[in-house]
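Q: Have a look at this one.
The values are calculated or read from the model by the stated rules, or taken from the named source; none is laboratory data. Bear in mind that the values here come from a model prediction, so they are computed numbers and not experimental data. So basically every Cβ, Gly included, is an ideal-geometry build from the backbone, and we count neighbours across all protein chains shown. These accessible areas exclude ligands, DNA and RNA; they are computed on the full protein's heavy atoms, side chains included. Shrake-Rupley method; radii C 1.70, N 1.55, O 1.52, S 1.80 Å.
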Amino acid sequence: MSPILITDINKFSDRRGEFYESYKSSHLAKYGIDVTFVQDNQSSSRFGTVRGLHYQWDKPIGKLVRVSKWAIKDVVVNIDSNSAEFGRVYSFYLSDSNLNQLWVPPHYAHGFVALADDTTVHYKCSSEYNKNGESGINPLCPFLNIDWVVDANLHILSDKDKAAQSFEDYKKNPKF
(Lines give C-alpha, C1' and ligand atoms only; values in the text may rest on other atoms or scores of the structure.)
Protein backbone atom coordinates (compact mmCIF):
# COMPACT_ATOMS: atom_id res chain seq x y z
CA MET A 1 0.00 0.00 0.00
CA SER A 2 1.23 3.47 -0.90
CA PRO A 3 0.70 6.63 1.16
CA ILE A 4 -2.82 7.98 0.84
CA LEU A 5 -3.73 11.66 0.97
CA ILE A 6 -7.21 12.14 2.39
CA THR A 7 -8.70 15.40 1.17
CA ASP A 8 -12.43 15.01 1.76
CA ILE A 9 -12.68 16.05 5.40
CA ASN A 10 -15.85 18.08 5.91
CA LYS A 11 -15.59 21.22 7.99
CA PHE A 12 -18.68 22.96 9.31
CA SER A 13 -18.53 26.64 10.17
CA ASP A 14 -21.02 29.00 11.71
CA ARG A 15 -20.98 32.06 13.96
CA ARG A 16 -19.71 29.93 16.87
CA GLY A 17 -16.63 28.67 15.05
CA GLU A 18 -15.76 25.46 13.27
CA PHE A 19 -16.22 21.72 13.66
CA TYR A 20 -14.85 18.68 11.82
CA GLU A 21 -14.42 14.99 12.48
CA SER A 22 -10.67 14.47 12.64
CA TYR A 23 -10.99 10.68 12.84
CA LYS A 24 -13.73 8.31 11.77
CA SER A 25 -12.94 4.65 11.05
CA SER A 26 -15.73 4.27 8.47
CA HIS A 27 -14.33 7.26 6.55
CA LEU A 28 -10.87 5.67 6.42
CA ALA A 29 -12.38 2.35 5.33
CA LYS A 30 -13.41 4.07 2.08
CA TYR A 31 -9.67 4.32 1.37
CA GLY A 32 -8.94 0.71 2.35
CA ILE A 33 -7.45 1.77 5.69
CA ASP A 34 -8.62 -0.73 8.29
CA VAL A 35 -6.36 -0.33 11.29
CA THR A 36 -6.65 -0.12 15.04
CA PHE A 37 -4.79 2.87 16.42
CA VAL A 38 -3.06 2.33 19.77
CA GLN A 39 -1.17 5.58 20.37
CA ASP A 40 -1.70 9.29 19.62
CA ASN A 41 1.27 11.66 19.29
CA GLN A 42 1.48 15.43 18.99
CA SER A 43 4.41 17.68 18.22
CA SER A 44 4.89 21.43 18.21
CA SER A 45 7.69 22.78 16.04
CA ARG A 46 9.40 26.04 15.15
CA PHE A 47 9.61 27.26 11.56
CA GLY A 48 12.24 25.26 9.67
CA THR A 49 12.23 22.29 12.03
CA VAL A 50 12.77 19.08 10.08
CA ARG A 51 11.61 15.95 11.93
CA GLY A 52 12.48 12.58 10.45
CA LEU A 53 12.88 10.52 8.43
CA HIS A 54 11.78 8.01 11.09
CA TYR A 55 10.65 4.40 10.89
CA GLN A 56 10.10 1.52 13.28
CA TRP A 57 11.19 -1.95 12.18
CA ASP A 58 10.16 -3.88 15.30
CA LYS A 59 6.35 -3.72 15.28
CA PRO A 60 6.20 -1.35 12.29
CA ILE A 61 3.99 1.71 12.68
CA GLY A 62 1.42 3.08 10.31
CA LYS A 63 0.55 6.73 10.96
CA LEU A 64 -2.44 8.92 10.25
CA VAL A 65 -1.01 12.44 10.18
CA ARG A 66 -2.83 15.78 10.36
CA VAL A 67 -2.00 19.39 11.20
CA SER A 68 -4.11 21.36 13.66
CA LYS A 69 -2.07 24.57 13.58
CA TRP A 70 -0.25 26.09 10.59
CA ALA A 71 1.32 23.85 7.93
CA ILE A 72 3.93 21.27 7.02
CA LYS A 73 5.49 19.70 3.99
CA ASP A 74 5.21 16.00 4.80
CA VAL A 75 7.63 13.53 3.20
CA VAL A 76 7.58 9.74 3.13
CA VAL A 77 10.07 7.34 1.59
CA ASN A 78 9.37 3.75 0.60
CA ILE A 79 11.97 1.69 2.52
CA ASP A 80 10.65 -1.76 1.60
CA SER A 81 13.53 -3.36 -0.32
CA ASN A 82 11.10 -5.87 -1.89
CA SER A 83 8.96 -3.12 -3.39
CA ALA A 84 9.23 -1.97 -6.99
CA GLU A 85 9.01 1.58 -5.55
CA PHE A 86 11.90 1.12 -3.08
CA GLY A 87 13.46 4.54 -2.47
CA ARG A 88 10.56 6.48 -3.96
CA VAL A 89 9.95 9.82 -2.22
CA TYR A 90 6.43 11.19 -1.81
CA SER A 91 5.60 14.67 -0.55
CA PHE A 92 2.37 16.27 0.60
CA TYR A 93 1.19 19.61 1.97
CA LEU A 94 -0.87 19.40 5.16
CA SER A 95 -2.31 22.41 6.93
CA ASP A 96 -4.95 23.57 9.36
CA SER A 97 -6.79 25.21 6.46
CA ASN A 98 -6.87 22.34 3.94
CA LEU A 99 -7.53 19.68 6.64
CA ASN A 100 -5.69 17.09 4.52
CA GLN A 101 -4.68 13.96 6.35
CA LEU A 102 -2.00 11.50 5.31
CA TRP A 103 -1.96 7.75 5.83
CA VAL A 104 1.67 6.61 6.09
CA PRO A 105 1.72 2.80 5.92
CA PRO A 106 4.29 0.72 7.80
CA HIS A 107 7.53 0.24 5.81
CA TYR A 108 7.80 3.93 5.01
CA ALA A 109 10.18 6.42 6.60
CA HIS A 110 8.29 9.56 7.62
CA GLY A 111 9.31 13.18 8.19
CA PHE A 112 8.15 16.74 7.80
CA VAL A 113 9.25 20.36 7.91
CA ALA A 114 7.32 23.00 9.86
CA LEU A 115 6.35 25.95 7.69
CA ALA A 116 5.53 28.32 10.58
CA ASP A 117 6.41 28.81 14.22
CA ASP A 118 4.33 26.78 16.64
CA THR A 119 3.17 24.30 13.99
CA THR A 120 1.20 21.50 15.65
CA VAL A 121 1.09 18.02 14.13
CA HIS A 122 -0.98 15.07 15.37
CA TYR A 123 -0.59 11.48 14.36
CA LYS A 124 -2.40 8.33 15.29
CA CYS A 125 -0.18 5.23 15.37
CA SER A 126 -0.98 1.59 14.65
CA SER A 127 1.75 0.33 17.03
CA GLU A 128 3.25 1.67 20.22
CA TYR A 129 6.62 3.38 20.07
CA ASN A 130 9.53 0.98 20.60
CA LYS A 131 12.79 2.80 21.30
CA ASN A 132 14.79 -0.38 20.69
CA GLY A 133 13.14 -1.08 17.35
CA GLU A 134 13.22 2.31 15.64
CA SER A 135 15.67 4.17 13.48
CA GLY A 136 15.89 6.88 10.87
CA ILE A 137 17.35 8.05 7.60
CA ASN A 138 19.05 11.41 7.43
CA PRO A 139 16.46 13.81 6.00
CA LEU A 140 19.21 15.75 4.24
CA CYS A 141 20.61 12.66 2.45
CA PRO A 142 21.80 13.84 -0.99
CA PHE A 143 20.70 10.58 -2.62
CA LEU A 144 17.05 11.28 -1.72
CA ASN A 145 17.36 14.92 -2.86
CA ILE A 146 14.32 16.06 -0.87
CA ASP A 147 13.23 19.66 -1.38
CA TRP A 148 12.28 20.72 2.14
CA VAL A 149 11.08 24.11 0.76
CA VAL A 150 12.80 25.93 3.63
CA ASP A 151 16.27 27.39 3.11
CA ALA A 152 18.86 24.88 4.35
CA ASN A 153 20.43 27.58 6.56
CA LEU A 154 17.16 27.70 8.51
CA HIS A 155 16.77 23.94 9.09
CA ILE A 156 16.54 22.85 12.71
CA LEU A 157 17.29 19.16 13.23
CA SER A 158 17.79 17.02 16.31
CA ASP A 159 21.27 15.59 16.84
CA LYS A 160 19.74 12.14 16.33
CA ASP A 161 18.35 13.08 12.90
CA LYS A 162 21.62 14.74 11.85
CA ALA A 163 23.49 11.52 12.73
CA ALA A 164 20.97 9.18 11.08
CA GLN A 165 22.18 6.83 8.36
CA SER A 166 22.08 7.78 4.69
CA PHE A 167 19.68 5.99 2.38
CA GLU A 168 22.72 4.36 0.74
CA ASP A 169 23.67 2.86 4.12
CA TYR A 170 20.10 1.73 4.72
CA LYS A 171 20.14 -0.07 1.33
CA LYS A 172 23.16 -2.11 2.49
CA ASN A 173 21.22 -3.51 5.46
CA PRO A 174 17.51 -2.83 5.00
CA LYS A 175 15.09 -3.58 7.82
CA PHE A 176 12.26 -4.27 5.37
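Q: Can you tell me which residue is nearest to S43 (Cα to Cα) among those in segment 165-176 that are in a loop (DSSP other than H, G, I, E, B) and either aliphatic (A, V, I, L, M) or open to solvent by 60 Å² or more (accessible area, probe 1.4 Å) (or both)?
A: Going residue by residue through segment 165-176, those that are in a loop (DSSP other than H, G, I, E, B) are 166, 173-176.
The next check asks that each one be either aliphatic (A, V, I, L, M) or open to solvent by 60 Å² or more (accessible area, probe 1.4 Å) (or both); those that pass are 173, 175.
On the way: N173: 30, K175: 26 Å.
Checking each candidate, the answer is K175.
Q: Of the residues V65, V150, only one is touching a residue at least 60 places away in the same chain (Cβ under 8 Å) and either out of contact with any Cys (no Cβ under 9 Å at 6 or more places or on another chain) or of a type in the set (V, I, T) (or both); which?
A: Numbers: V65 fails: touching a residue at least 60 places away in the same chain (Cβ under 8 Å).
From the options V65, V150, the qualifying one is V150.
Q: Here's another thing I want to ask about it. Mind checking which residues of segment 1-16 are outside any loop (DSSP other than H, G, I, E, B) and either within 19 Å of E128 (Cα to Cα) or of a type in the set (V, I, T) (or both)? Spell out how you get there, then give the answer.
A: If we filter segment 1-16 for residues that are outside any loop (DSSP other than H, G, I, E, B), which is where we start, we get 4-6, 11-14.
Of everything in segment 1-16, those that are outside any loop (DSSP other than H, G, I, E, B) and either within 19 Å of E128 (Cα to Cα) or of a type in the set (V, I, T) (or both) turn out to be I4, I6.
Q: Let me ask something else. With D40, D34, D8 as the choices, which residue is among the acidic types (D, E) and in contact with a Lys or Arg (Cβ under 8 Å, 6 or more places away or on another chain)?
A: Values: D34 fails: in contact with a Lys or Arg (Cβ under 8 Å, 6 or more places away or on another chain); D8 fails: in contact with a Lys or Arg (Cβ under 8 Å, 6 or more places away or on another chain).
Exactly one residue qualifies, and that residue is D40.
Q: Can I ask one more? Within segment 17-75, track down each residue that is surrounded by 13 or more Cβ atoms within 10 Å (Cβ to Cβ), small (G, A, S) and part of a strand (DSSP E or B).
A: S43, S44, S45, G52, S68, A71 - these are the residues of segment 17-75 that are surrounded by 13 or more Cβ atoms within 10 Å (Cβ to Cβ), small (G, A, S) and part of a strand (DSSP E or B).
Q: Within the set of pairs 6 or more residues apart or between chains, which connect a residue that is open to solvent by less than 10 Å² (accessible area, probe 1.4 Å) inside segment 98-118 to a residue that is among the aromatic types (F, W, Y) and not in a strand (DSSP E or B) with Cβ atoms less than 8 Å apart?
A: Pairs found: V113/W148; A114/F47; A114/W70.
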